[in-house]
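> Take a look at this one; I'll ask things after.
The values are calculated or read from the model by the stated rules, or taken from the named source; none is laboratory data. What you are looking at is a predicted structure, and each value in this text was computed from that prediction instead of being measured. Methodologically, a virtual Cβ is constructed for each residue, glycine included, from the backbone with ideal geometry; neighbour enumeration extends over all protein chains shown.
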Amino acid sequence: MFNNLTKKITDIFEKISHRSHLKEKKIKETLRKIKSALLDADVSLIIADMFLKKIKSKISEAYINKNFSPSQNLIKIVLRELTKIMGSKSHLFNFLLNQLTICTIIGQPGSGKTTSTAKLAHLLSKKYKKKILVVSIDIYRPAAILQLKRLIQKTKANFFQSNCNQKIIEIIKLAMLTAKKKKYDVLLIDTAGQIHTNYSKIKEIEKVQNYIKPHETLFVIDSMAGQDSVNAIKKFNKIFTLSGIILTKLDSDTRGGVALSVRALTKIPIKYIGVGEKIYDLQIFHPERIAKRILGMGDVLSLIDDIKNKIKDKELDLMKNTTKKGNTFNLNDFLVQIKQIKKIGGIESLIHKLPISIINNNSMLNNIDKESFIKIEAMIQSMTEKERKTPSIIKYSRKKRISKGSGITIQEINIYLKKFENMKNIIKNLNKNKKNKIFEKIKNYLIK
């Protein structure tokens, strides 16, 4: 998410971090580079210009804190303005009190609308403990109804069966009747994918909207579609009065600048972002968290949310126990942590949520990837229980046997055992270090 933009922005600030004073010429040069980085990330030119204009107006004595360096002051201003552009605060789902909340989900073909509907059902049922009913009115694609049904089976929500021989309004009436009768909290309606030039389908959905009068109308857009998405939102909003946006495929788009442009250009809030293919890979959109991630400050709160949402309670207890250990931390504990890191999206997802400064100062995080995790698992699983508990006994003859059992070289075994020792030191520091606020937040959650 925003990998290239984050790298460019952090490099820009790194080059001025050592300066005790920033002359006007240097500030102009820095802002020009920031604008270039934003445009490369597919941020709208209008938004990039507006953003820089606001930053320039804030760079005055009134906004400079003498306790910080010039670069730190500039970063604070950029963070504040980035957050404002994206909406300043999160916009949550609009639940009605003690009555059925109806939400229609609209989007263009291929935007990830059906998948997002299922992910939203999962999020609302898991996070808010709501009783959710989901129905598809995409009678033009039989596969869409089946796809949604199979996805909903992975959640705690229920699926209302529809078929292609029914009329859309008939499906809606039956689904609403069932939802009210069985006292569901939310009815999610997945509509057919449509483009704004298909007037017959647009009119059809418009009739549905007029009949059900939904409390939420969410529009799903593909972040990889770039600024074309903004035009689509504006056109659909004129017809349907959208209450929010779900921005999908943000994990796969190295640019993602549309996230910075949408709110300012359309005045419609981004409510959720899709960050992966799994059913739990839909997150509430937090503007400040995203702004911090873009500036290389990390997103520890989202990391903690991932741990809460993607790791089961029993597994979380195991992980907490390994985090409490210091000198007794062993290879069994290391294996537990690797398995849980894979569940929250892998090492890449973890690294992207940590501040750049921590990543740069930790050689282990810099030199480990998905393939390394697979090999480390194979190495540990080829060991005896005694070797896992007491790694110090693993000498050449044992390494030779482990190498044959795991299919990795003795040289790789040496490297991975060194990584284990590094992790052991991190765990020790996690329990001792009160100064590192990032690790303190994680520790406060994991160690209770």
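> Only one of these is closer than 23 Å to Ile152 by Cα and of a type in the set (Phe, Trp, Tyr): Tyr211, Tyr280. Name it.
On the way: Tyr211 fails: closer than 23 Å to Ile152 by Cα.
Result: Tyr280 is the single residue among Tyr211, Tyr280 that is closer than 23 Å to Ile152 by Cα and of a type in the set (Phe, Trp, Tyr).
> While we're on this one: Give me a count of the residues in region 290-315 that are small (Gly, Ala, Ser) and at pLDDT 70 or above. Lay out the reasoning, then the answer.
Quick first cut of region 290-315, residues small (Gly, Ala, Ser) only: 291, 296, 298, 302.
Keeping just the survivors that are at pLDDT 70 or above gives 291, 296.
The qualifying residues number 2.
> Specify which of the listed residues (Gly244, Gly257, Gly274) is small (Gly, Ala, Ser) and closer than 20 Å to Ala144 by Cα.
Exactly one of Gly244, Gly257, Gly274 is small (Gly, Ala, Ser) and closer than 20 Å to Ala144 by Cα, namely Gly274.
> I need the full set of residues from region 175-187 which are within 16 Å of Ile145 (Cα to Cα) and part of a helix (DSSP H, G or I), in order please. Before the answer, list the steps.
Looking only at region 175-187, we keep the residues that are within 16 Å of Ile145 (Cα to Cα), and these are 175, 187.
Once the filter is applied, which keeps residues that are within 16 Å of Ile145 (Cα to Cα) and part of a helix (DSSP H, G or I), region 175-187 yields only Ala175.
> Any idea which of Lys127, Lys149 is touching a strand residue (DSSP E or B) at 6+ places or on another chain (Cβ under 9 Å) and at pLDDT below 95? Even if it seems obvious, please write down each step before you answer.
Details: Lys149 fails: at pLDDT below 95.
Only one candidate passes the filter, namely Lys127.
> Here are some residues: Ile268, Ile245, Ile233. Which one is closer than 13 Å to Met86 by Cα and either in contact with a Cys (Cβ under 6 Å, 6 or more places away or on another chain) or not in a loop (DSSP other than H, G, I, E, B) (or both)?
On the way: Ile268 fails: either in contact with a Cys (Cβ under 6 Å, 6 or more places away or on another chain) or not in a loop (DSSP other than H, G, I, E, B) (or both); Ile233 fails: closer than 13 Å to Met86 by Cα.
It is Ile245.
> If Pro287 satisfies all but one of (1) modelled with pLDDT under 85; (2) under 24 Å from Asn94 (Cβ atoms); (3) surrounded by 21 or more Cβ atoms within 10 Å (Cβ to Cβ), what's the number of the condition it fails?
(1)
> Here is a list: Leu151, Leu96. Which entry is hydrophobic (A, V, I, L, M, F, W, C) and outside the structural domain of Asp251 (by TED's automatic domain parsing)?
Numbers: Leu151 fails: outside the structural domain of Asp251 (by TED's automatic domain parsing).
Leu96 is the lone residue from the list that is hydrophobic (A, V, I, L, M, F, W, C) and outside the structural domain of Asp251 (by TED's automatic domain parsing).
> Go through the residues of region 123-137 one by one and say whether even a single one is among the hydrophobic types (A, V, I, L, M, F, W, C) and surrounded by fewer than 16 Cβ atoms within 10 Å (Cβ to Cβ). Steps first, answer last, please.
Of the residues in region 123-137, the ones among the hydrophobic types (A, V, I, L, M, F, W, C) are 123-124, 132-135, 137.
Retained after the next criterion (residues that are surrounded by fewer than 16 Cβ atoms within 10 Å (Cβ to Cβ)): none.
No, region 123-137 contains no residue that is among the hydrophobic types (A, V, I, L, M, F, W, C) and surrounded by fewer than 16 Cβ atoms within 10 Å (Cβ to Cβ).
> All but one of (1) surrounded by 15 or more Cβ atoms within 10 Å (Cβ to Cβ); (2) at pLDDT 90 or above hold for Lys76, so report the exception by its number.
All conditions pass for Lys76, except number (2).
> Right, something else. Given (1) surrounded by fewer than 20 Cβ atoms within 10 Å (Cβ to Cβ); (2) farther than 13 Å from Met86 by Cβ, where does Gly274 come up short, assuming only one miss?
With (1) surrounded by fewer than 20 Cβ atoms within 10 Å (Cβ to Cβ); (2) farther than 13 Å from Met86 by Cβ applied to Gly274, the lone miss is (1).
> Give me a count of the residues in region 4-35 that are in contact with a Ser or Thr (Cβ under 7 Å, 6 or more places away or on another chain), surrounded by fewer than 17 Cβ atoms within 10 Å (Cβ to Cβ) and within 27 Å of Ser223 (Cβ to Cβ).
Result for region 4-35: 1.
> From the list Lys203, Lys149, Lys207, Lys238, which residue is surrounded by 15 or more Cβ atoms within 10 Å (Cβ to Cβ), in a helix (DSSP H, G or I) and not aromatic (Phe, Trp, Tyr)? Before the answer, list the steps.
Working: Lys203 fails: surrounded by 15 or more Cβ atoms within 10 Å (Cβ to Cβ); Lys207 fails: surrounded by 15 or more Cβ atoms within 10 Å (Cβ to Cβ); Lys238 fails: surrounded by 15 or more Cβ atoms within 10 Å (Cβ to Cβ).
Lys149 is the lone residue from the list that is surrounded by 15 or more Cβ atoms within 10 Å (Cβ to Cβ), in a helix (DSSP H, G or I) and not aromatic (Phe, Trp, Tyr).
> For region 173-186, indicate whether the set of residues that are aliphatic (A, V, I, L, M), under 23 Å from Leu120 (Cα atoms), at pLDDT below 95 and buried (at least 18 other Cβ atoms within 10 Å of the Cβ) is non-empty.
In the first step, residues of region 173-186 are kept if they are aliphatic (A, V, I, L, M); the result is 174-177, 179, 186.
Narrowing the set further to residues that are under 23 Å from Leu120 (Cα atoms) leaves 174-177, 179, 186.
In the following step, the residues that additionally are at pLDDT below 95 were identified as none.
No, region 173-186 contains no residue that is aliphatic (A, V, I, L, M), under 23 Å from Leu120 (Cα atoms), at pLDDT below 95 and buried (at least 18 other Cβ atoms within 10 Å of the Cβ).
Residues are listed down the side, and each one gets a yes or a no for (1) out of contact with any Asp or Glu (no Cβ under 9 Å at 6 or more places or on another chain); (2) of a type in the set (A, V, I, L, M); (3) assigned to a loop (DSSP other than H, G, I, E, B); (4) within 21 Å of Ile246 (Cα to Cα):
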| residue | (1), (2), (3), (4) |
| --- | --- |
| Thr117 | no, no, no, yes |
| His122 | yes, no, no, yes |
| Val134 | no, yes, no, yes |
| Ile139 | yes, yes, yes, no |
| Ile171 | yes, yes, no, no |
| Ile189 | yes, yes, no, yes |
| Gly193 | no, no, yes, yes |
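> Here is a follow-up. Among the residues of region 84-107, is any surrounded by fewer than 19 Cβ atoms within 10 Å (Cβ to Cβ) and part of a helix (DSSP H, G or I)?
Scanning region 84-107, I find at least one residue that is surrounded by fewer than 19 Cβ atoms within 10 Å (Cβ to Cβ) and part of a helix (DSSP H, G or I), so the answer is yes.
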